[in-house]
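Just below is one structure, and these are the notes that go with it.
The values are calculated or read from the model by the stated rules, or taken from the named source; none is laboratory data. Computed from a predicted model, the values in this text were never measured in an experiment. Ideal geometry is used to build each Cβ from the backbone, glycine not excepted, and the neighbour counts take in all protein chains shown. The protein model used for the area step is the full one, side chains on, heavy atoms only, and it has no ligands, DNA or RNA in it. Shrake-Rupley method; radii C 1.70, N 1.55, O 1.52, S 1.80 Å.
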Amino acid sequence: MPSPTHDHDTDGDEAVAVVNSADAVRQSESQYDDYFTWQDGEERVRSIELNLPANDATETYSLLMPKSYDRESESRDEYLPINDLMSTVRAIAMYLVDSPEFRRTVCEDKDNGTMRQLERARNRRNGGDFVRA
């Protein structure tokens with residue numbers, strides 16, 4: 001079982017144990033399965049790294065979903081890593097990056113913005129389109 005990464009406060013004291021998304025899924029991987037379908041010739045991707053708006057900060061997200069996944073999974077409080085990734089992208093665009101253009105490109109373009117592309121690919125279970133978005 002992977003160990004959490006420990007962040008430290010400025011005094012060097014241990015502050016918070018951090019487990020990234022992919023590690024959380026790996027800890028109970030038998031309960032998760034591929035969510036996306038992949039076209040012939042496309043590499044099957046099981047995780048994706050998201051660049052965060054801090055120096056050299058990234059988080060790896062699993063592209064698996066619980067085997068029991070359905071539209072009611074959110075109400076059952078199951079961990080949905082793909083939805084977590086999408087929520088993080090939205091939060092970064094809305095609250096952490098101070099750029100109206102970035103916000104428009106990611107969140108506000110309801111036809112072809114990044115969030116719309118992610119939603120469309122997730123709903124169609126198209127892995128290649130999700131990764132490209």
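When segment 83-101 is filtered for residues that are open to solvent by 80 Å² or more (accessible area, probe 1.4 Å) and within 19 Å of T58 (Cβ to Cβ), the ones remaining, listed by number, are R90, Y95, L96. Scanning segment 37-68 for residues that are under 18 Å from D129 (Cβ atoms), open to solvent by less than 60 Å² (accessible area, probe 1.4 Å) and assigned to a loop (DSSP other than H, G, I, E, B) returns W38, E42, V45, L63. Hey, does segment 120-127 have a residue that's open to solvent by 70 Å² or more (accessible area, probe 1.4 Å), closer than 16 Å to D84 by Cα, assigned to a helix (DSSP H, G or I) and of a type outside the set (G, A, S)? Yes: one or more hits.
Any chance segment 96-114 includes a residue that's within 21 Å of E49 (Cβ to Cβ) and in contact (Cβ under 8 Å) with a residue 40 or more places away in the chain? Checked segment 96-114: at least one residue is within 21 Å of E49 (Cβ to Cβ) and in contact (Cβ under 8 Å) with a residue 40 or more places away in the chain.
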